[in-house]
Amino acid sequence: MSQPMVQARGVRKRYGSLEVLRGIDLTVERGQVCCLLGPSGSGKSTFLRCINHLERVDGGTLKVDGDLVGYRRHAGKLHELGEREVAERRRDIGMVFQRFNLFPHMTALDNVCEAPVKVAGVSKAEAEAEAQRLLEQVGLADRAGHFPAQLSGGQQQRVAIARALAMKPKLMLFDEPTSALDPELVGDVLDVMRRLAADGMTMVVVTHEIGFAREVADTAVFMDEGVVVEAGAPRQVLTEPTQERTRAFLSKVL
Amino acid sequence: MTDATAPTRTPSVITKKTEDEALDVVPVRHYGRWAAAVTAVVALIGLAGSLAKNDNLHWDVVGDYLFAGLIFDGLVTTLWLTAAAMALGLALGTVIAVMRLSASPVLYGLSSLFVWAFRGTPLLVQIIFWGYAAALYSQIKIGIPFTEVTFVSWDTNAVLTPAVAALLALGLNEAAYASEIVRAGIQSVDPGQAEAAHSLGMRPALTMRRIVLPQAMRVIIPPMGNETINMLKMTALVSVIAAHDLMSNIQEVYAQNYQVIPLLVVASCWYLVLVSLLSIPQAWLERRYGRGAARSQSNSAVQRLFGSAGTPWARRTKKEAGR
Ligand SMILES: Nc1ncnc2c1ncn2[C@@H]1O[C@H](COP(=O)(O)OP(=O)(O)O)[C@@H](O)[C@H]1O
Ligand SMILES: [Mg+2]
């Protein structure tokens, strides 16, 4: 039996009195690419952060690869996960941030090696060989010794993707990976993501790149004010939306 | 003078520039700075001369004691006391800083209480308190509170020698200040850094050690350098419990020969030497933890005097930054 990679049912999240997610339903099958779109403040980042437990879900159920996020099933009861188990689950989920969040005190190579060596216990030599291979894959083989401050935004984001891939995740989350980039640097990052999708990686991508979504996504999801307004094949959602809110948003973005 | 020449020179430079690209740059001359510098240097030479000729200073006595064995012993004690108290202060201060940032109200409360108590009372009082702790508890016991059960016990005076008391007093006091510095350092690091580390499966303790603290160091090191310099001088306070540091031994000598001023000159000389030496490891640490940071080079004093354009130093720093 094949479980979906991500399965959300009525996911709720509130910050104080502000209800940010108001019942999100969403399914991402294995090997699929799901693009999340929606106006700023609609809860896209919050939902993404819930998937790898950077935020705690307040209601509903959220499963990754069949496991309830934040809980372990044992003897008919749900046990909240401890810090060690939460960290273990996160190893399988890679995340790429809008502002890269590379470790500025480490070279590109060390950024990629850090988690395999310190978390997965891979030997330094092995991790470096793999990191070099990953940097090559994102087109940065010659930048391994550079510090993040010496790299362009597009190069930093590609190092960040390599860093996430180094833990061999089964799911990759992207939170507006190209929004902080100069327009001419966006293409390189999208190319890397396109190849990743072609290789069969399961991906949830928050993006405003409609072209990318139309071309790469298996499902496009339009969110507004903490709910999924419309979901389906990208061609349908992005070209012939049935909902007025989707149409209004698309007319502003395009 | 300068006003008269300037207008005639400036246009000629401009016209020449259009014909010829390879011209020497004439930096702005800082005449005011030069005048102030000369005045200050002359005043300093005068002061040094008058001190050198002042018989009340007894330079012969200063010379006799500058390298005396007792002074050296004190120097060694002062050095290890400074190093040990700073190590204790930084280690404990980091723990307290992490406690203060913790979500647990108990840990937060305890650490705040510690900082409140040790920052709120004079260091001198704390030193004397630790020196005379035997008057408060004659025995140190480890057992179950409020019962007679005792696992081990020591005689307070045997454990709390003046040196240990001095170390505790200075180290605990330093921990209170260091914790605030470390806390500010930790808070200066972008929360996105910890988030990225967590998303890679790094646990909070590992994230703190590998990702947050190394970046916090850039903010922590300069004030901790100041703290170390202060500590070196504050060790002089432990002379009140006769801990045999430099100042204790100096006092011991002048209590016998009444040469107070020359011996204080000896002490000052050594403190100055030690403080000067401290700037070397500080500069090294700042460079080490500045790795990967956006370039922010400050000009050296020589550069500021001459104006920064075209000096060899300016060229070197540019090359380093581009590495
Ligand atoms: N840590 C937080 N505390 C309080 N409010 C937050 C927090 N994070 C996000 N929010 C609020 O939640 C809403 C949704 O934010 P977000 O998920 O970042 O939206 P999006 O990514 O779609 O732009 C916004 O109104 C934002 O102000
Ligand atoms: Mg967002």
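The values are calculated or read from the model by the stated rules, or taken from the named source; none is laboratory data. Please read these numbers as outputs of a predicted model, since none were measured by experiment. When we count neighbours, we look across all protein chains shown, and the Cβ atoms used for this are built from the backbone with ideal geometry, even at glycine. SASA here: full protein model, heavy atoms, side chains in, ligands and nucleic acids out. Shrake-Rupley method; radii C 1.70, N 1.55, O 1.52, S 1.80 Å.
So the values come out like this:
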{"quantity": "Elements of type strands (runs of 3 or more DSSP E) contained in segment A:146-254, each with 2 or more residues being more than 23 Å from residue A:94 (Cα to Cα) and either open to solvent by 10 Å² or more (accessible area, probe 1.4 Å) or modelled with pLDDT under 95 (or both)", "calculated": "A:227-232"}
{"quantity": "Residue check for residue A:122: within 16 Å of ligand 2 (Cβ to nearest atom) and not acidic (Asp, Glu)", "calculated": "no"}
{"quantity": "Selected residue (only one of A:54, A:48, A:26 is hydrophobic (A, V, I, L, M, F, W, C) and part of a loop (DSSP other than H, G, I, E, B))", "calculated": "A:54"}
{"quantity": "Any chance residue A:117 is without any contact (Cβ under 8 Å) to a residue 12 or more places away in the chain, open to solvent by less than 50 Å² (accessible area, probe 1.4 Å) and under 18 Å from residue B:202 (Cβ atoms)", "calculated": "yes"}
{"quantity": "Meets criteria (within 8 Å of another protein chain (Cβ to nearest Cβ), more than 20 Å from the chain's Cα centre (by Cα) and either without any contact (Cβ under 8 Å) to a residue 24 or more places away in the chain or within 18 Å of residue B:193 (Cβ to Cβ) (or both)) for residue A:83", "calculated": "yes"}
{"quantity": "Residue identified as within 23 Å of residue A:234 (Cα to Cα) and of a type in the set (S, T, N, Q) among A:42, A:17, A:2", "calculated": "A:42"}
{"quantity": "Residues within segment A:96-105 that are away from ligand 2 (no atom under 16 Å from the Cβ) and over 20 Å from residue A:168 (Cβ atoms), tallied", "calculated": "2"}
{"quantity": "Filtered residue count, segment A:29-45, keeping only those that are within 10 Å of ligand 1 (Cβ to nearest atom) and in a strand (DSSP E or B)", "calculated": "2"}
{"quantity": "Among residues of segment A:40-62, those that are touching an Asp or Glu at 6+ places or on another chain (Cβ under 6 Å) and of a type in the set (Lys, Arg), counted", "calculated": "1"}
{"quantity": "All positions within segment B:225-277 that are part of a loop (DSSP other than H, G, I, E, B) and touching a residue at least 12 places away in the same chain (Cβ under 8 Å)", "calculated": "B:242, B:243, B:244, B:245, B:259"}
{"quantity": "Residue within segment A:16-25 that is open to solvent by 20 Å² or more (accessible area, probe 1.4 Å), more than 16 Å from ligand 2 (Cβ to nearest atom) and within 14 Å of chain B (Cβ to nearest Cβ) present", "calculated": "no"}
{"quantity": "Complete set of residues in segment A:116-145 that are assigned to a helix (DSSP H, G or I) and touching a Ser or Thr at 6+ places or on another chain (Cβ under 8 Å)", "calculated": "A:117"}
{"quantity": "Residue in segment B:301-316 that is exposed (fewer than 11 other Cβ atoms within 10 Å of the Cβ) and either part of a loop (DSSP other than H, G, I, E, B) or modelled with pLDDT of 85 or more (or both) present", "calculated": "no"}
{"quantity": "Filter pass, residue A:145 being within 16 Å of ligand 2 (Cβ to nearest atom) and of a type in the set (Gly, Ala, Ser)", "calculated": "no"}
{"quantity": "Index of the failed condition, residue A:21 passing every other in (1) in contact with a Gly (Cβ under 7 Å, 6 or more places away or on another chain); (2) near ligand 1 (Cβ under 10 Å from one of its atoms); (3) not in a strand (DSSP E or B)", "calculated": "(3)"}
{"quantity": "Hits in segment A:97-115 (condition: within 9 Å of chain B (Cβ to nearest Cβ) and outside any loop (DSSP other than H, G, I, E, B))", "calculated": "A:114, A:115"}
{"quantity": "Condition met for residue B:215 (free of Cβ contacts under 8 Å to residues at least 12 places away in the same chain, open to solvent by 30 Å² or more (accessible area, probe 1.4 Å) and of a type in the set (S, T, N, Q))", "calculated": "no"}
{"quantity": "Segment A:123-138, residues that are within 13 Å of chain B (Cβ to nearest Cβ) and open to solvent by 50 Å² or more (accessible area, probe 1.4 Å)", "calculated": "none"}
{"quantity": "Helices (runs of 4 or more DSSP H) enclosed by segment B:143-217 - at least 3 residues per element that are modelled with pLDDT under 95", "calculated": "B:156-159, B:162-187"}
{"quantity": "Count of segment A:26-59 residues which are away from ligand 2 (no atom under 14 Å from the Cβ), within 14 Å of chain B (Cβ to nearest Cβ) and crowded, with 16+ Cβ neighbours inside 10 Å", "calculated": "2"}
